[in-house]
């Protein structure tokens, strides 16, 4: 499954390994989704700061099963 340019709110994030995060997103079209954001922690704080709880985002997701991969995200106006 591939979801492009989805409006979402980040509900919760938690560490997953050394550099990744597991995030819970709420989207208008698909409801609540779980995703992995890879290579976020340990680098520049700019990417990590965007993934703060209750931020409005525009996201691209891919994968299959219950946990998707967050391939792109950016801050957005409130959807």
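The values are calculated or read from the model by the stated rules, or taken from the named source; none is laboratory data. Since this is a predicted model, take the numbers as computed values, not measurements. Neighbour counts are summed over all protein chains in view; Cβ atoms, including those assigned to glycine, are modelled from backbone coordinates with ideal geometry.
In table form, for the structure just shown:
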| quantity | calculated |
| --- | --- |
| Tally of residues being over 17 Å from residue 54 (Cβ atoms), touching a residue at least 12 places away in the same chain (Cβ under 8 Å) and either exposed (fewer than 14 other Cβ atoms within 10 Å of the Cβ) or touching a helix residue (DSSP H, G or I) at 6+ places or on another chain (Cβ under 8 Å) (or both) across the stretch 1-33 | 8 |
| When residues of the stretch 56-65 are limited to those that are closer than 14 Å to residue 3 by Cα and in contact (Cβ under 8 Å) with a residue 12 or more places away in the chain, the one surrounded by the fewest Cβ atoms within 10 Å (Cβ to Cβ) | 64 |
| Close pairs from the stretch 37-55: first closer than 12 Å to residue 19 by Cα, partner at pLDDT below 85 and outside any loop (DSSP other than H, G, I, E, B), Cβ under 7 Å, at least 6 apart | 40/47; 40/48; 41/48 |
| Complete set of residues in the stretch 25-52 that are farther than 11 Å from residue 70 by Cβ, in a strand (DSSP E or B) and within 13 Å of the chain's Cα centre (by Cα) | 26, 27, 32 |
| Top-ranked residue of the stretch 34-53 - restricted to ones that are surrounded by 14 or more Cβ atoms within 10 Å (Cβ to Cβ) and touching a helix residue (DSSP H, G or I) at 6+ places or on another chain (Cβ under 9 Å), ranked as modelled with the lowest pLDDT | 41 |
